[in-house]
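To keep things clear, I will list the structure first and then write my remarks on it.
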Amino acid sequence: MTDVIDIQDTYAESFARLSARRGRSGPAWVQALREAGLEHFRRVGFPTLRDEDWRFTNVKPIAQTPFVLPEPPAGKLGADALQPLLIAGLQPAARLVFVDGCYSTELSDTSALPVGVSVQSVAQALDADPATIQSHMGLAAEAESDPFIALNAAFLEDGAFVRFADNTTLKRPIVLLSVATRRAQAAMTHPRNLIVVGRSCEATVIEHYASAGGEVYLTNAVTELVVGDNSTVHHYVLELESEQAFNLQTLKIRQGRDTTVNSHTALLGGAIVRNNVHPIMDGENGHCLLNGLYVPRGRQHMDSFMFVEHARPHCDSRQFYKGILADRAGAVFSGRIKVHPGAQKTDAKQTNQNLLLSGEATVDTKPQLEIYADDVKCTHGATVGELDEQAMYYLQARGISADAARAMLTYAFAAESLERMNVPAIGELVGRELLSRLPRGRLLAHLLESV
């Protein structure tokens with residue numbers, strides 16, 4: 001307990017230094033949000049295994065690491081170093097690049113955006129459009145709901161602000177790329193993203209977390225997504241952090257009437273990863289898809305925490321999360337569906353499937369239903385298993401080696417998740433990354449590319 005208190009004092013000292021650096025700049029409501037976040041974090045501290053929502057994820061390695069805020073300017077990252085981090089085959093409409101938490105004008109590109117779409121850093125938006133930021137930020141992601149959200153609010157400094165005016169369609173995606181570089185001390189960043197989509201819009205936004213030499217560091221990101229009536233949004237989280245890093249990201253979604261939100265998540269990096277997705281279906285006839293794939297290896301630990309709220313009638317939601325675990329890796333899936341009183345005609349389905357490639361890998365899965373309406377269809381299920389022995393025998397009997405057979409069956413297990421992703425470049429990237437971790441997988445990847 002003493003160590004945790006000391007670390008909390010360290011965060012308070014970092015907050016004081018950051019406040020002194022800012023001076024009196026910025027709106028008063030932002031400073032109030034920061035102070036409330038710090039106060040809540042100091043009061044509750046880091047979650048422990050005694051907290052129900054964190055029962056299977058031990059964040060002690062995070063709590064005991066003395067992270068520091070990177071001093072500006074951000075770590076050096078040239079265009080040549082950025083190139084390998086970009087998603088091959090993807091032609092985004094805009095790319096915002098943040099290096100060690102700081103927005104990089106030189107590496108970003110917003111020149112191809114059409115009228116009706118605004119993309120800028122939160123720091124810029126607080127100067128140019130503070131009213132819009134104030135009307136949305138913090139409403140969905142309340143600091144009191146989670147200690148890491150509180151910590152993010154305390155160090156709210158920058159992130160991406162994406163805004164779609166009514167009746168705007170953008171077929172090409174917007175990419176928000178956060179890159180960590182090698183630094184002398186373990187650094188922490190707290191990206192705060194706000195995506196506001198007007199009525200009758202269609203949009204795709206990709207959050208991409210990557211490392212360019214950074215090893216031990218903390219990324220604690222919060223994204224608030226507000227979706228206006230009759231709009232469709234495809235949102236992606238592609239997590240490719242260093243395998244020594246800590247990544248916690250929270251996506252809070254508020255959906256209007258007749259909306260469709262498809263959330264896709266691929267977790268591949270990080271020592272400890274926590275992925276929170278919390279849609280609130282606050283308008284009738286809403287549709288929500290949560291599709292995820294987590295692939296830990298070594299001693300990686302990945303925790304997926306889903307909470308879907310059906311607050312209005314005639315809405316449907318689908319959760320399809322799959323895990324592939326190797327070595328001594330661990331994973332957690334907690335899926336909760338809450339049907340509010342009056343949310344009749346709800347149709348909700350939740351599925352979690354896990355494939356263990358090692359006898360030492362472990363997964364804890366906890367599907368939950370909380371229903372306060374009587375005219376609903378809600379189902380949930382979870383499976384944990386190994387590769388099918390009969391399928392292995394079938395492939396080997398036809399001259400395919402054991403390693404190649406394992407790679408083929410493992411990729412087939414993941415293929416359903418990858419095919420749901422409507423941005424092919426992301427599905428292909430995740431598929432290649434998965435196969436690169438398997439014996440004979442690179443050969444199979446080469447064969448797939450040649451088809």
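The values are calculated or read from the model by the stated rules, or taken from the named source; none is laboratory data. Owing to the predicted nature of the structure, the values given are computational and were not obtained by experimental measurement. No Cβ is skipped: glycine too gets one built from the backbone with ideal geometry, and neighbour counts run over all protein chains shown.
Can you tell me which of A165, A160 is outside the structural domain of A425 (by TED's automatic domain parsing), among the hydrophobic types (A, V, I, L, M, F, W, C), within 16 Å of Q120 (Cα to Cα) and out of contact with any strand residue (DSSP E or B) (no Cβ under 7 Å at 6 or more places or on another chain)?
Going through A165, A160 in turn, the sole match is A165.
Based on what the data block shows, is L387 in the same structural domain as D347 (by TED's automatic domain parsing) and in a loop (DSSP other than H, G, I, E, B)? Walk me through how you get there before you give the answer.
Values: in the same structural domain as D347 (by TED's automatic domain parsing): yes; in a loop (DSSP other than H, G, I, E, B): yes.
Yes, satisfied.
Quick one: would you say A154 is modelled with pLDDT under 95, crowded, with 23+ Cβ neighbours inside 10 Å and either touching a strand residue (DSSP E or B) at 6+ places or on another chain (Cβ under 6 Å) or not hydroxyl-bearing (S, T, Y) (or both)? Step through it out loud before you land on a result.
Working: modelled with pLDDT under 95: yes; crowded, with 23+ Cβ neighbours inside 10 Å: yes; either touching a strand residue (DSSP E or B) at 6+ places or on another chain (Cβ under 6 Å) or not hydroxyl-bearing (S, T, Y) (or both): yes.
In short, yes.
Considering segment 164-186 alone, what residues qualify as being farther than 14 Å from A93 by Cβ and either more than 21 Å from the chain's Cα centre (by Cα) or surrounded by fewer than 23 Cβ atoms within 10 Å (Cβ to Cβ) (or both)?
Of everything in segment 164-186, those that are farther than 14 Å from A93 by Cβ and either more than 21 Å from the chain's Cα centre (by Cα) or surrounded by fewer than 23 Cβ atoms within 10 Å (Cβ to Cβ) (or both) turn out to be A165, D166, N167, T181, R182, R183, A184, Q185, A186.
Mind counting the residues in segment 342-364 that are surrounded by 21 or more Cβ atoms within 10 Å (Cβ to Cβ) and either farther than 16 Å from M302 by Cα or in contact with a Leu (Cβ under 8 Å, 6 or more places away or on another chain) (or both)?
Our first condition is that a residue be surrounded by 21 or more Cβ atoms within 10 Å (Cβ to Cβ); within segment 342-364, this holds for 343, 346, 348, 350, 352, 354-355, 361, 363.
With either farther than 16 Å from M302 by Cα or in contact with a Leu (Cβ under 8 Å, 6 or more places away or on another chain) (or both) added as a condition, the list becomes 343, 346, 348, 350, 354-355, 361, 363.
Residues in segment 342-364 being surrounded by 21 or more Cβ atoms within 10 Å (Cβ to Cβ) and either farther than 16 Å from M302 by Cα or in contact with a Leu (Cβ under 8 Å, 6 or more places away or on another chain) (or both): 8 in total.
Taking strands (runs of 3 or more DSSP E) that fall entirely within segment 191-232, which contain at least 1 residues that are in contact with a strand residue (DSSP E or B) (Cβ under 9 Å, 6 or more places away or on another chain) and of a type in the set (G, A, S)?
Working: elements: 192-197, 202-212, 217-227.
Hits in segment 191-232: 202-212, 217-227.
Can you list the helices (runs of 4 or more DSSP H) lying wholly within segment 61-139 that have 3 or more residues being modelled with pLDDT under 95 and closer than 18 Å to V179 by Cα?
Details: elements: 79-82, 122-128, 130-136.
Fully inside segment 61-139 and qualifying: 79-82.
Being more than 23 Å from the chain's Cα centre (by Cα) and among the β-branched types (V, I, T) is the filter; apply it to segment 93-116 and report the residue that is nearest to G159 (Cα to Cα).
Out of the qualifying residues, it is T105.
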